[in-house]
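The values are calculated or read from the model by the stated rules, or taken from the named source; none is laboratory data. Nothing here was measured: the structure is a model prediction, and the numbers come from that model. Neighbour counts are summed over all protein chains in view; Cβ atoms, including those assigned to glycine, are modelled from backbone coordinates with ideal geometry.
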Amino acid sequence: MNDTTEKPVTELKTAGERDRSIKKIVVAVDLSPHSEKTASYAADFARRFGASISLVHVFASKPVRTLNAYETAEEEKRHDTERKFVELVKNIEQIYPNCDVRFRNGDPAEQIALLAEELDADLIVTSRHQPGFLARLFEWDQAARILHRADCSVLVYNGETEAT
């Protein structure tokens, strides 16, 4: 007679007894309406596992600082993005308060994979934007690029995708 017991998902281990629990999640956010839904989904997912989440937004270029009192158009756009990101984080904290904020500069896929490695994250959550032919041809689909670079598991949230 076999006597088997089921373990909760948070306690499963592989054959090598490597701990496979989800404790740290990196969530890639580009501030599109779809990525906001992705962040909400990730917060709910993290709450179920008791994991911490790090919401990350990657700027494609480094900040440009001027010495005068006026912001350049690039600085203004960056500050606007930072303000929107802070608003998003406040909304996510209402769903699940165990989260923090990260800003990075550079290639989004590389920076997200690097951050996940630095944080020893168990999972990256990102969204897919239904890329067209040219986007796939030129590798503009960040979800696919993250998947190829990450050393941890990647969850690509489809949910209700926006029309293209």
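Here are some notes:
- For segment 1-49, the tally of residues that are modelled with pLDDT of 50 or more and polar (S, T, N, Q) stands at 5.
- Top-ranked residue of segment 55-76 - restricted to ones that are surrounded by 12 or more Cβ atoms within 10 Å (Cβ to Cβ) and charged (D, E, K, R), ranked as modelled with the lowest pLDDT: Glu71
- Qualifying residues in segment 22-41 (those that are in a loop (DSSP other than H, G, I, E, B) and among the aliphatic types (A, V, I, L, M)) - the one surrounded by the fewest Cβ atoms within 10 Å (Cβ to Cβ): Leu31
- Among the criteria (1) at pLDDT 90 or above; (2) exposed (fewer than 15 other Cβ atoms within 10 Å of the Cβ); (3) more than 19 Å from Ala143 (Cβ to Cβ), the one Ser52 does not fulfil is (2).
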